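Quick notes on the structure that follows.
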Amino acid sequence: MSVSHDVVIVGSGPLGMAAARRLAERGASVLVLEQGAAIADPPGSHLRNSEQFLKQPDTYLPAATAHLEFIDDTVDQDALPGAAVTRAIGGQGVIWTNLCPRGDALWDAMTDKKWSERYRLAERYLEVQSDRLDRSVRQQKIGAVLNDYAGPSGRRATALPVAGRFRDDGLLHYTGSFDILNAGNGVSDRVTIDHGRVERIVTDGHVVRRLETETGPVEADTYVIAGGAISTPQLLYHSGIRPKALGRYLSYHPLAVCQIVVAPEFCSDAGVADVDPRLQIRPGGRAEWYTLVLHDVSPFTPEGEDAEIASNRLVEIQSICPVDNEEHKRAVFHEDGRVTFDVPLSDADLGRMTGAEKEAREIASLIGRLREGCDPAWMPFGFAHMTGTTRMSALDNGTGVADYNGCVWGYDNLYLATNGLIPTRMAVNPTLTGVSLAIHVADHIAV
Ligand SMILES: Cc1cc2nc3c(=O)[nH]c(=O)nc-3n(C[C@H](O)[C@H](O)[C@H](O)COP(=O)(O)OP(=O)(O)OC[C@H]3O[C@@H](n4cnc5c(N)ncnc54)[C@H](O)[C@@H]3O)c2cc1C
């Protein structure tokens with residue numbers, strides 16, 4: 001395996017690819033090592049762009065979740081039965097649903113100006129936009145009702161950004177992990193992507209000397225671990241890098257979904273196609289959750305009289321509830337390589353879920369009715385958006401795994417690019433923030 005690269009990145013998900021692009025833009029030669037195989041054609045592109053899912057969008061979610069490898073889906077809710085990884089070229093960035101809001105709980109790893117600059121870059125890398133949504137009848141009419149509803153709590157309904165390009169036929173081309181690299185002019189020449197599972201990071205004092213892979217050692221000047229919020233700390237632990245905060249302060253999103261049959265006055269006329277709406281009410285005041293109203297993917301299989309409803313009459317409500325970062329909420333890494341979870345929800349965490357579900361039901365009754373069999377359903381705990389497992393901290397005082405530049409405390413050339421770096425209780429989907437952080441980390445690596 002090649003040893004002549006400036007930087008080796010472990011993992012080809014969106015964060016790994018964003019770090020690779022940024023480093024290549026700065027002139028570095030980069031090797032990306034990915035343990036998984038291709039699950040999309042071309043490799044690393046978004047699975048959802050295939051003809052099958054464009055023609056039959058309802059078949060997408062089961063096909064995507066078939067690529068989730070659950071850690072243990074038989075455990076009780078504190079042990080996170082929904083926690084899963086995806087080993088694939090492009091990671092979960094080939095199956096995600098591409099919702100890309102900016103973060104709501106930023107911390108002082110960079111100035112506000114730098115956060116804005118890096119968010120703008122991340123939005124460019126991911127092709128984030130919400131341009132066409134004003135053409136949607138449901139977007140306009142439901143948006144007006146949501147604004148009246150959210151106004152008294154100091155919140156607003158706004159367009160929900162998505163990572164993708166609207167095609168001429170009105171359908172969305174979803175951004176996959178490798179689009180991040182391919183859209184960067186000429187940078188792909190400086191990035192090599194190889195198949196390889198990294199077994200161990202080999203250190204000598206404050207320095208990483210090499211990675212041990214299934215096919216032999218790999219050396220570089222600098223190493224970036226971008227293996228996702230579960231596998232990244234797992235690899236550190238297995239390599240004997242075990243700071244006190246590793247796996248602790250874990251946060252994730254309990255996520256409820258319901259589907260609504262929208263009243264006809266909010267919809268386009270029967271038989272007239274409508275751009276699918278994407279609306280968000282960001283957290284604010286005492287409403288510490290994130291409510292989305294959109295027509296995207298649904299986990300339900302409705303039956304009976306509601307089985308056949310025209311697509312332009314449907315929306316889903318997604319209720320996303322952040323979990324407080326507390327030291328005792330944790331992933332536990334075992335000597336035999338296993339990971340287990342212990343994340344008891346507090347009364348405050350549970351209170352947010354109650355509030356968010358109440359809000360979903362109220363919105364449903366304002367714009368239509370719940371589709372039969374599609375009442376708010378909580379996805380298995382741990383399913384969505386794990387953060388905090390390798391959190392950043394301002395000081396090396398046991399509350400963080402990496403410094404504010406993503407460099408692992410105590411090591412000179414070992415960096416992380418994962419949502420696990422996020423140290424705060426973020427209510428919104430994390431990937432755009434994670435990609436911004438990956439860019440931030442890449443900017444601090446000497447090339
Ligand atoms: C169904 C679904 C829908 C989602 N929708 C959204 C959304 O709408 N908005 C949003 O913000 N987020 C969403 N997410 C979350 C989003 O996909 C993740 O935030 C994102 O993929 C994280 O990127 P990553 O690069 O950190 O990790 P990953 O995408 O998990 O990629 C990590 C890669 O590293 C590889 N790897 C790990 N360890 C090793 C090793 N030792 N050696 C070699 N390779 C290794 C893995 O095989 C994997 O391919 C969704 C996730 C799912 C599953």
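Readers should treat all values here as calculations from the given coordinates under stated rules, not as data from a laboratory. It should be emphasised that the depicted structure is a prediction, and the values quoted were computed from it without experimental measurement. Neighbour counts are summed over all protein chains in view; Cβ atoms, including those assigned to glycine, are modelled from backbone coordinates with ideal geometry.
Brief remarks on what is shown
- Take 117-125, 140-148 and order them by the average number of nearby Cβ atoms within 10 Å per residue, most first; the result is 117-125, 140-148.
- Against the chain, whose longest principal axis is taken from its Cα atoms, helix 14-25 shows a tilt of about 60°.
- When the P(r) of segment 15-173 is calculated, the portion above 26 Å amounts to 46% of the C-alpha pairs.
- Theoretical FRET efficiency, 1/(1+(r/R0)^6), r = Cβ-Cβ of R120 and R242, R0 41 Å, to 0.05: 0.65
- Acute angle (nearest 10 degrees) that the helix 137-150 long axis makes with the longest principal axis of the chain, alpha-carbon atoms: 80
- For segment 296-352, the Cβ-based charge dipole about the Cα centre amounts to some 140 debye (Lys, Arg positive; Asp, Glu negative; other atoms uncharged).
- 5 Å-binned pair-distance histogram of segment 103-179 (Cα, whole percent): 3, 13, 16, 16, 18, 18, 12, 4, 0
- Whole-number percent relative contact order across the chain, with pairs defined as alpha carbons under 8 Å at least 6 apart: 25
- Nearby lysines by direct alpha-carbon distance to K244 (threshold 16 angstrom, same-chain neighbours under 8 apart not counted): K329
- For segment 184-336, the relative contact order is 24 percent, taking Cα pairs closer than 8 Å that sit 6 or more residues apart in sequence and dividing their mean separation by the residue count.
- Every helix of 4 or more DSSP H residues in the chain counts as -39500 (n - 2.57), and over all residues that averages to -7000 deg cm²/dmol at 222 nm.
- Computed from backbone phi, the HN-Hα couplings of segment 200-209 come to 7, 9, 9, 10, 9, x, 8, 10, 7, 8 Hz, rounded to whole numbers (Karplus: 6.51 cos²θ - 1.76 cosθ + 1.60, θ = phi - 60°; Gly and Pro given as x).
- Dipole orientation for the chain: of the candidates N419, S298, I260, N419 has the Cα lying most toward the positive pole (charges on Cβ; Lys, Arg +1; Asp, Glu -1).
- Based on C-alpha pairs under 8 angstrom that are at least 6 apart in sequence, segment 371-426 has a relative contact order of 32 percent.
- Debye equation applied to the C-alpha atoms of segment 255-327, log10 I(q)/I(0) at 0.20 Å⁻¹: -0.91
- Range of Cα positions in segment 236-293 per principal axis (Å), largest first: 62, 30, 16
- The long axis of helix 431-443 is offset from the longest Cα principal axis of the chain by roughly 30 degrees.
- About the Cα centre, charge dipole magnitude for segment 4-102 (Lys/Arg +1, Asp/Glu -1 at Cβ), debye: 540
- Computed E for E69/E265 - FRET, C-beta separation, R0 51 angstrom, nearest 0.05: 0.70
- Between segment 344-399 and segment 10-76, the alpha-carbon center distance in angstrom: 24
- Proximal lysines to K358, defined as alpha-carbon separation beneath 24 angstrom and excluding residues fewer than eight positions away on the same chain: K141
- Estimated dipole of the chain in Debye, rounded to 20 [Cβ of Lys and Arg +1, of Asp and Glu -1, Cα centre]: 1020
- Q52-M379 pseudo-label distance in nm [points 7 Å out on the Cα-to-Cβ vector]: 2.1
- Gain upon complete extension [D306, E219; 0.36 nm per residue less C-alpha separation]: 25.5 nm
- Translational diffusion coefficient (Stokes-Einstein; Kirkwood radius from C-alpha pairs) of segment 311-435 at 25 °C, 0.890 mPa s, in µm²/s: 143
- Cα extents for the chain along the principal axes, largest to smallest and rounded to whole angstrom: 67, 48, 43.
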